[in-house]
Structures are given as structure tokens and as C-alpha cells.
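Engineer: Sharing a structure here in C-alpha cells format.
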Amino acid sequence: MMKNELDVIRLIRSDNEMMDILNAAKTLNLPDWWICAGFVRSKIWDHLHGFQERTRTQDVDVIYYDKNHIDETLEKELENKLRGILPNVPWSVKNQARMHVINSIPPYTSAEDAISKFTETVTALGITLAEDNSLILTAPHGLDDVLHLQVKPTPFFTETKERFAIYENRVKKKNWKENWPMVTIHQM
């Protein structure tokens, strides 16, 4: 049974493929970088469902925060560098210093601030490798929901009906219960 942050870190540390992906991302030397969302959530849910094989995610989301270099072409160059290291990984690299424009919201103050405003609490997760190669987990809304398979909107997505509609549409589109039948989707 997984109970806390240490359990999640141990689970990720024991997965050689995840560690290879984290090590590849670390080579970019990006400021305030994290691999987030489905990369972390899916691993936890696969473990909680007792799956022997990993559920593939559509992409591996590498995010970072750099106010000085917000050109999207740099993100594509970084994805290409990562493909050169691990070509079979579906890399997606996004600088969160520019993503507020895409999302039509106030600017983020950091990558962790951006993660806190992801749509679901179970997706608002990130993992990074420190200089000493220790794993650091961020979970701005805690781990209870992901560990108890409870899909809920982050507070940001409960502030308005329009944002909550985005949450509802997203969970419908993701159809997580198909892959992870023990998951419970919460509505308002």
C-alpha cells in the first residue's frame, strides 16, 4: 500500500525507464524543471491497480520556468535534443513562463505554480532530479487524491463555471476509468 511521498519516490526510483527519462531531462540543465502530470500519476495508478506493465502516456511532459527565453522554437529544439537521447519517448517540453498566454490566465510565478493550476489534483504532480540525483516530488494539492484514486478539480478549476466545464470535458475525454477501473471521477 502506498501511503506517502516517500512511497511514491521509492516507486519511481525503482523504475529504470522512469529514471532514464529523468536523467535525460536533467541533461538539458533547465531552470526549475519537472516531469509532471501523467508521467507520475499513471505510474502510481498502475501500481495501485497491480498492473505488471506500464500504461503508456501520450506524452512525457517536461516543464520548466525561464522568463528570459520564452520562444517556442527553443522548446522544439529541446524536444529534439531529448529525442536524440531517448528517441522512443514522446517528449513534450513547455516553458511555463509563456504558457499563461496559451491558457488565458495571469502569469505563473514558477513551474510549481503552473503545476498547482493543472486541471486535476491527480495530475498536479511533478518529479525532478536534484543536483545530487535525489528525487524531489511536488504535489501542490497533496497526494491523498492520487493515492486514493479520486479525480477532483484543482481549486483553480472550481473558481468559475467555465473552468469547471474545462475539467468536466477533460475527464470525459481522458476516460481514465477505461484504463484504471478503480478510479472515481468527482463532479460538483
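The values are calculated or read from the model by the stated rules, or taken from the named source; none is laboratory data. From a predicted model like this one, the values you see are computed outputs, not experimental measurements. Methodologically, a virtual Cβ is constructed for each residue, glycine included, from the backbone with ideal geometry; neighbour enumeration extends over all protein chains shown.
Engineer: Based on what the data block shows, is T57 among the β-branched types (V, I, T) and either closer than 24 Å to S116 by Cα or within 19 Å of the chain's Cα centre (by Cα) (or both)?
Structural biologist: Here the answer is yes, as T57 does meet what is asked.
Engineer: Looking only at segment 29-51, count how many residues are free of Cβ contacts under 8 Å to residues at least 60 places away in the same chain and of a type in the set (A, V, I, L, M, F, W, C).
Structural biologist: 2
Engineer: Same structure, new question: Could you tell me how many of the residues in segment 42-66 are outside any helix (DSSP H, G or I), modelled with pLDDT of 95 or more and farther than 17 Å from I21 by Cα?
Structural biologist: The qualifying residues number 5.
Condition check ((1) of a type outside the set (V, I, T); (2) free of Cβ contacts under 8 Å to residues at least 24 places away in the same chain; (3) within 29 Å of R98 (Cα to Cα)) across all residues:
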| residue | (1), (2), (3) |
| --- | --- |
| N4 | yes, no, no |
| L11 | yes, no, no |
| S14 | yes, yes, no |
| E17 | yes, no, no |
| I21 | no, no, yes |
| A25 | yes, no, yes |
